[in-house]
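First comes the structure, then the notes that go with it.
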Amino acid sequence: MSAPGPLETTIHEKITAAFNPVHLSISNDSAAHRHHAPMRAQGGGNGETHFTVQLVSERFEGLRAIARHRLVNDTLKQEFADGLHALVIKAKSPKEWEATESKVEA
Amino acid sequence: MSFARTFTRSLLSSSPRTLPSNSASFLARPSSLSLLQRQRHLSSESRSKIDNVVNSNPLVLFMKGTPSLPQCGFSRAVCQILEVQGVPEDKILAFNCLEDQELREAIKEYSSWPTIPQLYLQGEFVGGCDIVLQMHQSGELEKMLAEMGLVEEEVAGV
């Protein structure tokens with residue numbers, strides 16, 4: 001694992017500020033995607049194009065998946081405009097998180 | 001694989017360079033907008049074209065590549081889910097956003113959703129890969145597809 005890049009750091013800060021998450025993990029999946037067509041068109045991307053965020057926040061309680069994703073996407077609007085290409089979002093409420101905590105989570 | 005045929009065609013702009021022969025041009029028009037304009041403005045013309053296509057087809061998938069040759073893992077995953085669900089290939093209308101740069105930006109704004117793929121069912125935005133996968137796993141997708149008559153219900157009267 002290398003140190004988080006500037007974009008990953010920004011994502012971490014913005015999500016922390018917006019969601020006050022009880023759990024947050026971010027993984028950079030960019031390397032696995034550098035060969036796909038849109039990344040090849042950009043010379044393989046800059047190494048910070050594809051991320052997975054897993055976050056657990058009270059703000060998700062009672063919201064459907066699409067509303068949760070929209071909240072996260074809106075928080076990172078600027079980053080998408082600046083070249084963030086793909087974001088896998090795993091957004092749970094604390095209750096849902098507790099219910100699955102015993103399971104192995106990606 | 002049952003996705004041998006593709007239903008990908010150009011929705012907004014017809015790019016003269018690499019349109020495969022199976023991509024029908026759908027309301028082609030010259031792309032005169034600058035890149036910046038394209039990214040920031042969804043023209044009312046583009047909006048009404050997208051409105052029309054998502055409302056007049058039960059299942060529309062905006063993707064990268066084609067169902068038979070996806071160019072992105074997330075697009076591939078959605079196609080595979082639809083296949084596993086048993087949606088007949090002739091019920092899937094797929095648009096290859098890599099062949100239509102105008103559509104690629106327009107659909108993001110139309111759906112207020114920053115990424116592709118995007119799945120529409122009966123004119124309604126369902127979500128991207130994560131959400132489609134979740135709905136597949138929860139059974140919600142099967143229920144919706146069955147209600148729409150896109151798949152045959154295997155068990156009647158659940």
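The values are calculated or read from the model by the stated rules, or taken from the named source; none is laboratory data. Given the structure is predicted, the values throughout are model-derived calculations rather than measurements. In this analysis, Cβ positions are derived from the backbone assuming ideal geometry, glycine residues included, and neighbour counts consider all displayed protein chains. In case anyone asks, the SASA skips ligands and DNA or RNA and just uses the protein heavy atoms, side chains included. Shrake-Rupley method; radii C 1.70, N 1.55, O 1.52, S 1.80 Å.
Once the partner protein chains are put back, the stretch A:48-81 shows a loss of at least 20 square angstrom of accessible area, versus the chain by itself, at A:ARG64, A:ALA65, A:ILE66, A:HIS69, A:ARG70, A:ASN73, A:PHE80 (probe 1.4 Å, ligands and nucleic acids excluded).
Think of a 1.4 Å ball rolled over the protein heavy atoms: the stretch B:35-147 then has 41 Å² of accessible area per residue. When shorter helices are ignored and each DSSP H run of at least 4 residues is given -39500 (n - 2.57), the per-residue value for chain A at 222 nm works out to -11500 deg cm²/dmol. Averaging 1/r over each pair of different alpha-carbon atoms in the stretch B:35-147 and inverting the result gives 14.2 Å, the Kirkwood hydrodynamic radius.
The orientation-averaged projection of the convex hull spanning the C-alpha atoms of chain A amounts to 7.2 square nanometres. Take each residue in B:129-141, count the other chain C-beta atoms within 10 Å of its C-beta, and the mean is 2.
For chain A, the carbon plus sulfur part of the accessible surface works out to 53%, probe radius 1.4 Å. Share of carbon and sulfur in the accessible area of the stretch B:35-147 stands at 46%, probe radius 1.4 Å.
Chains A and B together bury roughly 1400 Å² of accessible area, counting both sides, with a 1.4 Å probe on protein heavy atoms only.
For chain A, the longest principal axis of the Cα atoms and the long axis of helix A:65-75 meet at an angle of about 60 degrees.
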